[in-house]
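K.L.:
Below are the structure tokens for one structure; questions will follow.
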Amino acid sequence: MIFITKVLCCFSIYWLTYHLNNTRNWGGIKASAFVAILIGTAYQFCIEFDLNLTLLQDYFSIMMGATFMGMIANHHQHKKIDFIISALIFCTLFQHSSSFFNGFGGLLGTIACIS
């Protein structure tokens, strides 16, 4: 059940970034940066209110990776099922490789590589 919520979280952020990038014509970098700022603000609120960050840390990392995925150009992504498959592959690779690459560039490098 937790894996499904991670995939849904990844899908929604991926779609939001993709939508801002291609439909609103913000460009990939602006769209990803805007969504990442929103995610970072939410993360800071969680720190401020002493929420359980060990549970939420994976979700925030997955959301940051999904912003990288949303930077894709419009002509590369045609079907809605591609969004779901991409989110599923990303979450699967993230879940199994996030601890493996510890120390070889950190979590952010792993996220960028997977996405």
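K.L.:
How large is the convex hull of the C-alpha atoms of segment 1-77 per residue, in Å³?
P.N.:
75 Å³
K.L.:
Treating cross-link reach as a plain straight distance, find the aspartates and glutamates whose alpha-carbon is under 16 Å from the alpha-carbon of K6, omitting any fewer than eight places away in the same chain.
P.N.:
D58
K.L.:
Along segment 82-89, what does the Karplus equation 6.51 cos²θ - 1.76 cosθ + 1.60 (θ = phi - 60°) give for ³J(HN,Hα), rounded to whole Hz, x for Gly and Pro?
P.N.:
Karplus-based 3J(HN,Hα) across segment 82-89 equals 5, 5, 5, 5, 5, 5, 5, 5 Hz.
K.L.:
Also, quick follow-up: Using a Förster radius of 25 Å, what is the FRET efficiency between I84 and C46 based on their Cβ-Cβ separation? Nearest 0.05, please.
P.N.:
Once the sixth-power term is evaluated, E becomes 0.40.
Rule-based calculations on the coordinates, nothing more; no lab input. Source: prediction; values computed, not measured. Every residue, glycine among them, receives a Cβ derived from its backbone with ideal geometry; neighbour counts consider all protein chains shown.
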